[in-house]
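Take a look at the structure set out below.
The values are calculated or read from the model by the stated rules, or taken from the named source; none is laboratory data. What you are looking at is a predicted structure, and each value in this text was computed from that prediction instead of being measured. Cβ sites come from the backbone with ideal geometry, for glycine too, and all protein chains shown count toward neighbours. With ligands, DNA and RNA removed, areas are computed over all heavy atoms of the protein, side chains included. Shrake-Rupley method; radii C 1.70, N 1.55, O 1.52, S 1.80 Å.
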Amino acid sequence: MSESQGPLPAAPGVGTTLESLITTGMRGAPGATGELSSLLNAIALAVRIIHTKVRAAGLAGMLGYTGETNVQGEEVQKLDVLANDILVAVLEKSAKCSLVASEELENAKALSPSGKYVVAFDPLDGSSNIDVNISIGTIFCVLRATDGFVQPGTKIVAAGYSVYGSATTLVLSTGQGVHGFTLDPGVGEFFLSQPNIRCPEKGSIYSVNEGNYARWDERVKKWAHWIKSEDKAQGLPYGHRYVGSLVADAHRTLLKGGIFAYPADKKSPEGKLRLLYEANPVAYIFEQAGGAATNGQSRILDIQPKALHDRTPLVIGSKRDVEAFRQFAVGER
């Protein structure tokens, strides 16, 4: 096992800390230099710091908008900026990261010239839900520095996301399955709580913003009608759940199965979600857990990005449910 395959053991035991698990995997990887392990530990540290800031945001006057817009044309929350600054500072101090790309940065930012990896992240996904105390999170992926950020998701070395909700969780994969960790705030450590996560082959929940229905093309509308129809033989209708934070909807779908869909529409013909630091990391996690991810026609991880902030439709979830959506999207149903 090389370090590029990931420092996490395939079947760790519950009760292990994230740091010790990463270190154990590094020792078992012939030729490993420890740089990826150090980088992942740095990201985990940044997540712990963001967790603390999110928990205290209301008391520290950190709720609400800054009055500015980001490169995406979206209003920037105060915590968006803070989370971005935390990740950049921690990664720069690690000296293992040569470049970072973020939803909050128009261009890639250079950090350590000697770093062997680049990191792309959405520092605070779902930030429009901050003020109403709905789960939000951080999404990230790690790539080798040789080709910068213009690499398809198949080149990802490690990816994960955190969810700041009733508990703070960190879901991580380095190419050998998916493991979930829960933060114990009393000791400031992530402990393994969900080893070897597997997404069910088929689910019974669909997650989509039905408010966009009028903007969908007819094939997507046909899928939406089908999944709500009464057909016991096919396990229909599915229940509907939609939070509006990608990390929250994705995390539920990963654990319980079903499908999350954010298709293209008349308002966002190229899709709404960003390929590099939203769709790719989440797609990587789902595939590593036995699920699937598509833009409706093609595998997400095969898409070649052209720019840092490329957008894409995103459909993730249980293999059978994602395949059913694809069949409707390409006109096979």
Q.
Looking for something open to solvent by less than 20 Å² (accessible area, probe 1.4 Å), part of a loop (DSSP other than H, G, I, E, B) and within 18 Å of Val150 (Cβ to Cβ) - is there at least one such residue anywhere in region 280-290?
A. no
Q: Quick one: count up the residues across region 228-248 that are of a type in the set (S, T, N, Q) and either open to solvent by 90 Å² or more (accessible area, probe 1.4 Å) or in contact (Cβ under 8 Å) with a residue 24 or more places away in the chain (or both).
A: 1
Q: Mind checking which strands (runs of 3 or more DSSP E) fall wholly inside region 95-187 and carry at least 2 residues that are open to solvent by less than 10 Å² (accessible area, probe 1.4 Å) and within 25 Å of Gly291 (Cα to Cα)?
A: 117-125, 136-144, 158-164, 168-173, 179-184
**Q.** Residue ID - surrounded by the fewest Cβ atoms within 10 Å (Cβ to Cβ), chosen from residues in region 205-227 that are among the β-branched types (Val, Ile, Thr) and outside any helix (DSSP H, G or I)
**A.** Ile205
Q) When you look at Arg198, is it at pLDDT 95 or above and within 18 Å of Gly317 (Cα to Cα), yes or no? A) yes
**Q.** Of all residues in region 93-115 being touching a Pro at 6+ places or on another chain (Cβ under 7 Å) and polar (S, T, N, Q), the one that is nearest to Leu273 (Cα to Cα)
**A.** Ser102
(Q) Can you tell me which of (1) assigned to a helix (DSSP H, G or I); (2) under 22 Å from Glu210 (Cα atoms) is the one Ser268 doesn't meet? (A) (1)
Q: Scan region 292-324 for residues that are out of contact with any helix residue (DSSP H, G or I) (no Cβ under 7 Å at 6 or more places or on another chain) and among the β-branched types (Val, Ile, Thr) and jot them down.
A: Val322
(Q) Considering only region 53-68, I want to know if a residue exists there that is charged (D, E, K, R), open to solvent by 70 Å² or more (accessible area, probe 1.4 Å) and either within 19 Å of the chain's Cα centre (by Cα) or modelled with pLDDT of 65 or more (or both). (A) yes
